[in-house]
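In what follows, a single structure is set out as structure tokens and then discussed.
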Amino acid sequence: MRMSTLFLRTLREDPAEAEVASHKLLVRAGYVRRAAPGIYTWLPLGLKVLRRVEAVVREEMDAAGFQEVHFPALLPREPYEATNRWTEYGDGMFRLKDRKGADYLLAPTHEEMFTLLVKDLYSSYKDLPLAIYQIQTKYRDEARPRAGVLRGREFVMKDSYSFDVDDAGLELSYEKHREAYVRVFTRLGLDFVIVSAVSGAMGGSRSEEFLHPTAIGEDTFVRSPGGYAANVEAVTTPVPPALPHDDAPAAHVEDTPDTPTIETLVAAANASHPRPDRPWTAADTLKNVLVVLRHPDGTREPLAVGVPGDREVDLKRLEASLAPAELEAFGEADFAAHPALVKGYIGPGALGAESASGIRYLLDPRVVEGTRWITGADQPGKHVFDLVAGRDFTGDGFVEAAEVRAGDPAPDGSGPLELARGIEIGHIFALGRRYAEALDLKVLDENGKQVVVTMGSYGIGVTRALAAIAEGNHDDKGLVWPRGLAPADVHVVATGKDAEVFTTAERIASQLQADGVEVLLDDRPKVSPGVKFKDAELIGVPTILVVGKGLAEGVVELRDRRTGEARQVHLAEAVRAVTDAVRG
Ligand code: ATP
Ligand code: MG
């Protein structure tokens, strides 16, 4: 690769829409270029790195005995209809029609097609287990494409699928994938935490995510000292025991004017209606939050959620609990349609399938029988006190919607939780039989009986992993690729006007190339050393060899992009020094 002809323009300015470092730098250093929102073109340098990341993934998949195939991205509707995902996937799926008016989609994930292919070719338990994979472009019409290729609407995913005749087989296939993922991310130099995840719209039983911890991550996860780790969406609230309530006072409605917030309500309760044993706290109040569920078939359903007033509703947790439905705001029109709701004073009395509003009412798991609450009395300026769960009200069920906070107990009793953020770089699912059942994938077992195959599905975000690597490997001057993932092994920079410099740089470059070292050669005439050094720092090849002024004394300079260290090397030693550094 020669800088004189390389299809590249580096930029001094950050792209206007970029917020995170990897996005800014991948654009500025000429790795990717935005084609449309969430859709990126890969330029020569970017493609080199992408191929290297893919190679690591492919080698580890192959080493684990999984076989590579390649599906189309453009798929017919019918298989997705059979599993109900044509509808369930909602707005996230790109749908289109062919010239005859038949429905097609751009695949967001490929469970259906893998299932059908195996059904097409295999029929006996003797054919299993089987694990096949592809590295392929996926399409998702993300609501919020973000951070360049970190969350794109078109992106590269490695997706594998396992097929087993029984649960024990699936368990084994799942373990093999888990181990292969550990090797992939270790080789990519990406720190990761394996956390329990919700299976969501995919269905299935066991599921874990590989999260790369970083402050810019969109996922929040929790960890306990005893080893519990989960995506915050998957955290279940330990249910406290029911409380005796025979002696609880009867519920009573009180005037609580001017109490628009939980804080003002608690202050008013303590001032005017003190509790004899201890002061009221926010945790004694029951906050009822309204949302609208939009189901995949487009129907809207209002929903009320009751949580202790000291906690916010975490909309991502709520949405994960109710997947595949998506959340929308409960708007003015919705209030108008439900006159039983008194804004600011909504209580259990006006909620529930059997109530005047008819709105489904789901409660936080802490609202167990016998707990006593202050909550809206469904009259302006009034709250009801000592409203006892199980005695005075019940919900239509329970839901994980309340925020998880640092210090909350781990559900498995392994200690207090700490919270951190991460990027989801991989996800493994024990799917079970959902897809095989829907598409009728069966094989004959040992006894000649037809059995439904059990499946797993396993994804790695290849382009996302690349962005995560860039995010973790940069400084204020530019990218700093880990060795082996950089677009070249060495960046040879020829500086000065002297023809000798250029011929020497050329010669070193060809020798290195002949030794299997990939070279990016800056052979641009009439470009100042300053510009060349800046570009080299921005592009981020870990080893830089400068052929310039020193040549008169028979030396070149070897620079380490990561540490900034530079040392003079005798010309005769240059190739050797670079090779050692690269193979280091
Ligand atoms: P997210 O929660 O981030 O939207 P997901 O859970 O929907 O991701 P999966 O269906 O589990 O994603 O897909 C497997 C992997 O593909 C993810 O672990 C992630 O690394 C990658 N991936 C998913 N969506 C995107 C995207 N929009 N852009 C880039 N990579 C993605
Ligand atoms: Mg996922």
Sum of -39500 (n - 2.57) over DSSP H runs of 4+, divided by residues of the chain (222 nm, nearest 500): -7500 deg cm²/dmol
Order by protection proxy (mean Cβ within 10 Å, highest first), peptides 351-357, 514-520, 272-278: 351-357, 514-520, 272-278
Of all accessible heavy-atom area on segment 203-246, the percent that carbon and sulfur account for (1.4 Å): 58
THR454, THR503, THR5, reordered so the largest accessible area comes first (probe 1.4 Å): THR5, THR503, THR454
Centroid-to-centroid separation of segment 116-170 and segment 207-262 [C-alpha atoms, Å]: 34
Length-normalised contact order for segment 488-583 - Cα pairs under 8 Å, 6+ apart - percent: 31
Residue-normalised accessible area of the chain, given per residue in Å² at a 1.4 Å probe: 44
Theoretical gain in end-to-end length, ASP191 to ARG77 [0.36 nm per residue, Cα-Cα removed]: 37.2 nm
Whole-Hz couplings from phi, Karplus 6.51/-1.76/1.60, listed for segment 341-353; x for Gly and Pro: 8, 9, 3, x, 10, 6, x, x, x, 9, 10, x, 4
Accessible area, probe 1.4 Å, largest first, for residues TYR345, TYR122, TYR80: TYR122, TYR345, TYR80
Interchain or long-range residues, amide H under 5 Å from ASP219's placed H: GLY422, GLU424
Amide H partners (placed H, <5 Å) of GLY548, local residues excluded: THR495, GLU557
Centroid-to-centroid separation of segment 24-38 and segment 288-336 [C-alpha atoms, Å]: 36
Contact order relative to length of the chain, as percent, for alpha carbon pairs under 8 angstrom and 6 or more apart: 17
Where labels lie 7 Å past Cα in the beta-carbon direction, separation of SER123 and LEU315 in nm: 5.3
In segment 508-584, trypsin sites (Lys or Arg not before Pro) in a DSSP loop with at most 11 other beta-carbon atoms within 10 Å: LYS526
Heavy-atom accessible surface of segment 488-583: percent carbon and sulfur, 1.4 Å: 52
LEU130 long-range amide H proximity, modeled H, under 5 Å: PHE163
Extended-chain gain in nm, criterion 0.36 nm per residue less alpha-carbon gap, GLN67 and ASP103: 10.0 nm
Derived scalar couplings ³J(HN,Hα) [segment 9-14; Karplus, 6.51 cos²θ - 1.76 cosθ + 1.60; whole Hz; x for Gly, Pro]: 10, 7, 10, 7, 9, 5
GLU418-ALA16 pseudo-label distance in nm [points 7 Å out on the Cα-to-Cβ vector]: 4.2
Vicinal HN-Hα couplings computed from phi for segment 73-82 (Karplus, 6.51 cos²θ - 1.76 cosθ + 1.60; Hz; Gly/Pro x): 8, 8, 10, x, 5, 3, x, 6, 5, 4
Difference of contour (0.36 nm per residue) and Cα-Cα distance, LYS549 to LEU8: 192.1 nm
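The values are calculated or read from the model by the stated rules, or taken from the named source; none is laboratory data. Please read these numbers as outputs of a predicted model, since none were measured by experiment. With ideal geometry, Cβ positions are generated from the backbone for all residues, glycine too; neighbour counts draw on all protein chains shown. Accessible surface areas use protein heavy atoms only, side chains included; no ligands, DNA or RNA. Shrake-Rupley method; radii C 1.70, N 1.55, O 1.52, S 1.80 Å.
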